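The values are calculated or read from the model by the stated rules, or taken from the named source; none is laboratory data. Quantities reported herein were computed from a predicted structural model and do not represent experimental measurements. Cβ coordinates were reconstructed from backbone atoms using ideal geometry, including for glycine residues, and neighbour counts include every protein chain displayed. All accessible areas refer to the heavy atoms of the entire protein, side chains included, with ligands and DNA or RNA removed. Shrake-Rupley method; radii C 1.70, N 1.55, O 1.52, S 1.80 Å.
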Amino acid sequence: MASALRLAARRSFAPRHAFTRSIQTTADSASLTSQVPSDASQPFTVSLHEDSFKSYRCDTPSLDVEVTKEQLIDMYKQMTTMRRMEMAADALYKAKLIRGFCHLAIGQEAVSVGMESAITPEDKVITAYRCHPFAVLRGGTVKGVIAELLGRQAGMSKGKGGSMHIFTPSFFGGNGIVGAQVPVGAGIAFAQKYLDKKTATFALYGDGASNQGQVFEAFNMAKLWDLPCVFVCENNKYGMGTSAQRSSANTEYFKRGDLIPGIQVNGMDIIASHQAVKYARKWAIENNGPLLLEFVTYRYGGHSMSDPGTTYRTREEIQRMRSTQDPIKGLQTYIEEWGVASEADLKAIDKQVKAEVDAAVEEAKASPEPEAKDLWTDIYYPGTGPASMRGREREEVHHY
Amino acid sequence: MPSLSAPQILRALASRNLASRSILLHSRRYTEAAIEPPPAGGHSPTIAHSPILRTTRDSALKTPGIVWGSDADHEDGDKTGRDTRKMNMYQAVRDAMSTALANDESAVVFGEDVAFGGVFRCSMGLSEEFGRERVFNTPLTEQGIVGFGIGLASMGHTAIAEIQFSDYIYPAFDQIVNEAAKFRYRSGGNFNVGGLTIRTPSMTVGHGGLYHSQSPEGFFMGAAGLKIVVPRSPIQAKGLLLSSIQDRNPVIFLEPKILYRSSVEQVPTSSYTIPLSKAEILTPGTDLTVLSYGTPLYTARTAMSYLAEPPASIEHLVPKPLRSAKIELIDLRTIMPWDVKTVVESVNKTGRLVVVHEAGKIGGVGSEIASTVTEKCFLKLQAPVKRVTGWDTPVALAYEKFYTPDAIRILDAMVETLTY
């Protein structure tokens, strides 16, 4: 009897599935609607699948997108570079050269590269711990990221931050605490508004972080003060090891901003990502206040290196996503079908990217570890900290 | 009889006085009740009349360590003399923020209800003076306020955030400890939130109870990268707050709320700062160091006067030779990183230390100070470092006066330490 009751109780908590028409996440569903010009910088029009966007309290972005050949080739090169870099990090981690925490974005490349393709260096980006691609795209280098993961002097934070803490002047970091970067993003957006600049802040978080209280605090302030802040939810369907349906009463993350309008985007199609970010940036800089942007995407690997990623989802699911909805393969299909470049051209890019990443890894590995004296720097503004600090052993005291 | 040094006399007396000091608290209650009801303001010198305060222009301008700001366009800033104005502490805090807003275009002040003055009137009239886009209300959203301030400061702006009571700082603990304190280090120096100052009223007020009388400074002591500052008076509040705002590190500025109105000084009207991480010796002495910050400094000062001239009701409990003991009273002012040098020099001289604060004893600031002093002054110490603190209980509403260290408890600790 008791167990039957427990069973009944459990059933009532079973996730409710939405039966509404959902967004589609294939990576190659756009079609060509104009001639591809021979000039690489000449724009041509493609049409996205009609289920690429859903909107809440606002119009959906146009399905007709202008792209150029060189833009598509750039995107391809950047996406393959990101994947190569993350794979290199994976290998270095497994070789025990990278220690500690490491979260890879393999499978989610269309979000970072699509975003970078539609914003300017004056716009600001802040994200959580899955940050490596953004760090490179926002002005960093593969060598700088890999060296940071290895904890070397050539790292973008001098080897003192590690995987989750990488910054550039327009990228306010990887941040390790789930959701904590979102109100920080609102503050950055306030500074932009205060300076009267036509720029926007993109504050990223995941479907897991979307349930943190401070995310809603940030939504409220941003809407209250009409900040040029785009809240970007990278919904990769699993917050660590718990699926979105099991963690969130409302899995339509783009609708969770109350009065803040939202767009849901096929985050596996780079052209849809590009179009959505372009729309969001325009929205923000035209003083429409904040916007929620939900990318429906997928990570192929586990949450972090200690998670094989197969205990809470089936291998078949991962395999299906990889083989049918991969963002890089999708772009490859576009490029080849539309005659933007040949398979051989893309192979050449792949080869070049692999060589570049391999070289960056070697350079990073050659960089020395931080010196012991670096342990005591960057804690306080120089000259304003304590007179001394304890070191690793009793006799070791650093005097400033 | 060979001549004995003061500490030797004190030690000789110690055994005789063991009994008396243990009944100090009890006997006070009985004797007072037996004579007459206390006057309305109590027997103790009030904060308003404390000798710690600088109530004349002359003494205010001679505040030790004061650094005058550049005030070329300040009409009263000429070389012949500066103006002072009678201010209480909330007015001095307002004056500091006004100075910061006037001198730094990127400075903004925000928090719950600050646009119309804040609960303690510290930002009265600032939004009218500097505009509502620079002095504005936030939602009731502490974690959001600090996160927002961190973002703003990371853009190079000066963010002056108010948390309405320090009791409400805990929702923002993560943002302060994980984001603000570590921002510089974890970015390898690429980014910092040096422009962030978090002001917040702290300590007991007599009837604040569990959520309006706490002293959270100890919780932040281990957060390297952060500074914690507590002023004791209007002059100190203005100078230390301007230092905190200008300091290129995130600072938590804890304002003892009972002093907002009760402490009044002549405060210089021009811009000035008082350096951080420098303790101030309020009264020099040779026999015992009493170290505190914020409100208990006044209580400690009262205890010192009890020691020198005990009221009739407790006279028999204070051994005569102790009455001439020279007590060195030190205001720590910056809790983190604290002025180890001044404190250690003082204890090396006196051999005895009593630390007083309102927060509880376990894991409190006093624990850190006691262990450092023990490490550095071990062979000079004549007595164990004594901590007079709030009890390790929540701050109760009904018994808040008993929770807060009072002059008798401090006197008891001084007698015990002097006669150890």
* To do: Scan region B:169-195 residue by residue and report those that are under 20 Å from residue A:182 (Cβ atoms), facing another protein chain (nearest Cβ under 7 Å) and part of a helix (DSSP H, G or I).
  => B:174, B:175, B:178, B:179, B:186
* **Filter result for residue A:222 (touching a helix residue (DSSP H, G or I) at 6+ places or on another chain (Cβ under 8 Å) and at the interface with chain B (Cβ under 9 Å from one of its Cβ atoms))** => no
* **Options A:152, A:138: the member that is open to solvent by 10 Å² or more (accessible area, probe 1.4 Å), of a type in the set (D, E, K, R), more than 11 Å from every other protein chain (Cβ to nearest Cβ) and farther than 26 Å from residue A:265 by Cα** => A:152
* Asked: Is it fair to say residue B:138 is in contact with a Phe, Trp or Tyr (Cβ under 6 Å, 6 or more places away or on another chain) and either crowded, with 21+ Cβ neighbours inside 10 Å or over 16 Å from residue A:193 (Cβ atoms) (or both)?
  -> yes
* Confirm whether residue B:369 is part of a helix (DSSP H, G or I) and either hydrophobic (A, V, I, L, M, F, W, C) or open to solvent by less than 10 Å² (accessible area, probe 1.4 Å) (or both). => yes
* Asked: When you look at residue A:126, is it within 14 Å of chain B (Cβ to nearest Cβ) and among the β-branched types (Val, Ile, Thr), yes or no?
  -> yes
* Among what's in region B:44-55 and is outside any helix (DSSP H, G or I) and open to solvent by less than 70 Å² (accessible area, probe 1.4 Å), pick the residue that is farthest from residue B:260 (Cα to Cα). => B:44
* Would you please name the residue that is farthest from the other protein chains (Cβ to nearest Cβ), looking only at residues in region A:348-393 that are open to solvent by less than 30 Å² (accessible area, probe 1.4 Å), within 15 Å of residue A:148 (Cα to Cα) and not β-branched (Val, Ile, Thr)? => A:360
* **Breaking point among (1) open to solvent by 50 Å² or more (accessible area, probe 1.4 Å); (2) closer than 22 Å to residue B:240 by Cβ; (3) in contact with a Gly (Cβ under 7 Å, 6 or more places away or on another chain), for residue B:326** => (2)
* Asked: With respect to residue B:207, is the statement that it is modelled with pLDDT under 95, under 24 Å from residue B:109 (Cα atoms) and assigned to a loop (DSSP other than H, G, I, E, B) true?
  -> no
* Conditions (1) within 25 Å of residue B:212 (Cα to Cα); (2) in a loop (DSSP other than H, G, I, E, B); (3) modelled with pLDDT of 95 or more: number failed by residue B:394 -> (3)
* **Residue, nearest to residue A:377 (Cα to Cα), within region B:167-211, restricted to residues that are polar (S, T, N, Q) and buried (at least 24 other Cβ atoms within 10 Å of the Cβ)** => B:187
* Structure fact -> Within region B:343-362, residues being open to solvent by 30 Å² or more (accessible area, probe 1.4 Å) and touching a residue at least 60 places away in the same chain (Cβ under 8 Å) number 1
* Structure fact -> When region B:113-140 is checked residue by residue, the ones that are part of a loop (DSSP other than H, G, I, E, B), over 25 Å from the mean Cα position of the chain (by Cα) and under 21 Å from residue B:251 (Cβ atoms) are B:134, B:138
* To do: Could you look through region B:141-157, keep only residues that are more than 7 Å from every other protein chain (Cβ to nearest Cβ) and open to solvent by 10 Å² or more (accessible area, probe 1.4 Å), and pick out the one that is nearest to residue B:244 (Cα to Cα)?
  => B:156
* **Any chance residue A:341 is closer than 30 Å to residue A:147 by Cα, open to solvent by less than 60 Å² (accessible area, probe 1.4 Å) and among the small types (Gly, Ala, Ser)** => no
* **Yes/no for residue A:162 being touching a residue at least 12 places away in the same chain (Cβ under 8 Å), facing chain B (nearest Cβ under 7 Å), open to solvent by less than 20 Å² (accessible area, probe 1.4 Å) and within 26 Å of residue A:365 (Cβ to Cβ)** => no
